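Heads up, the thing below is written out as structure tokens.
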Amino acid sequence: MNAQNDTLTRLLMQDRRASYYRLRGGFPVLFAGATYWGVLTAAGYFANQYTWFLIALLGSGAIFPAALFYSKVFRIDFMQDRTSVTSVLLPAFIAMLLFWPMAIAALWEAPAIFPLIMAIGLSLHFPVIGWAYGRTAIYSAHALFRAIIVFVIWWKLPEHRLTLLPLSVTAIYLLTALIVVVDSNRFRDVERPVLD
């Protein structure tokens, strides 16, 4: 039984890492996140708080279409790629989306906390995405560093909650994209396992 479990574990990891290489760590999705937060950074400098909140709310719906656009540009069709763990993605996204009631409640009762909730809430699925690629540490580090950095900015630099806070998230997205593109090259020779 242990030999079967070891074989299954090895094949599962092989499948996950082969996907990581094929999809280059999902960097088009990371670019979409960076674009969203980049727009919020610009809005922080040029728009009022109400407009920033509106862009944050409505613009979040543009992240997925932007990811599809970048996937076409870079010819990385993450929508068609299927692995043995693809089914974990839906529960991961459902869990992430549960932050929305808190974000909306913050807009009603404590608007100053809204940017912090958005910055952390939109990253709650990253550890699971990392697990699906067999690279939990990289994606978990993204979420953890992001949470720490935006909290410190929110707490210590309140006048920069609509500028430096989204700029830091943009930078973290771009750094993560660079890391996963470089790191995914390590798995160039990993073949997708053939399961009977």
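Observations
- Calculated on alpha-carbon atoms, Rg and Dmax of the stretch 55-116 in Å: 15.4, 44
- Cα point-scatterer Debye curve for the stretch 1-115, base-10 log of I(q)/I(0) at q = 0.11, 0.14, 0.19 Å⁻¹: -0.53, -0.75, -1.07
- When +1 charges are put on Lys and Arg Cβ atoms and -1 charges on Asp and Glu Cβ atoms, the dipole computed for the chain relative to its Cα centre reaches about 300 debye.
- Multiplying the residue separation of ILE148 and ILE63 by 0.36 nm and removing their Cα-Cα distance gives an extension gain of 28.3 nm.
- Charge tally around ILE153: other residues with Cβ under 14 Å, Lys/Arg +1 each, Asp/Glu -1 each, net +2.
- Note on THR51 and LEU8: with the Förster distance fixed at 35 Å, the Cβ-Cβ geometry gives a FRET efficiency of about 0.10.
- Projecting the Cα atoms of TYR133, PRO115, ILE104 onto the charge dipole of the chain (Cβ charges, centred on the Cα centre) puts TYR133 farthest toward the positive pole.
- Cα centroid separation, the stretch 127-150 to the stretch 1-47 (Å): 9
- Against the compact-protein benchmark of 2.2 N^0.38 Å, the Cα-based radius of gyration of the chain scales to 1.11.
- Note on the chain: with neighbouring protein chains present and a 1.4 Å probe, carbon and sulfur make up 70 percent of its accessible heavy-atom surface.
- Panel values: the stretch 117-164, Kirkwood radius from alpha carbon pairs, Stokes-Einstein at 25 °C and 0.890 mPa s, translational diffusion coefficient 218 µm²/s.
- At 0.890 mPa s and 25 °C, Stokes diffusion of the stretch 139-196 via Kirkwood alpha-carbon radius, µm² per second: 182
- Structure-based [θ]222 nm, the chain - -39500 (n - 2.57) summed over DSSP H runs of at least 4, per residue, nearest 500: -23000 deg cm²/dmol
- Heavy-atom accessible area per residue - the chain, 1.4 Å, Å²: 55
The values are calculated or read from the model by the stated rules, or taken from the named source; none is laboratory data. Just so you know, these numbers come straight off a predicted model, no measurement behind them. Counting neighbours? That spans all protein chains shown, and the Cβs are built from the backbone with ideal geometry, glycine included. Only protein heavy atoms, including side chains, enter the accessible area calculation; ligands, DNA and RNA are left aside. Shrake-Rupley method; radii C 1.70, N 1.55, O 1.52, S 1.80 Å.
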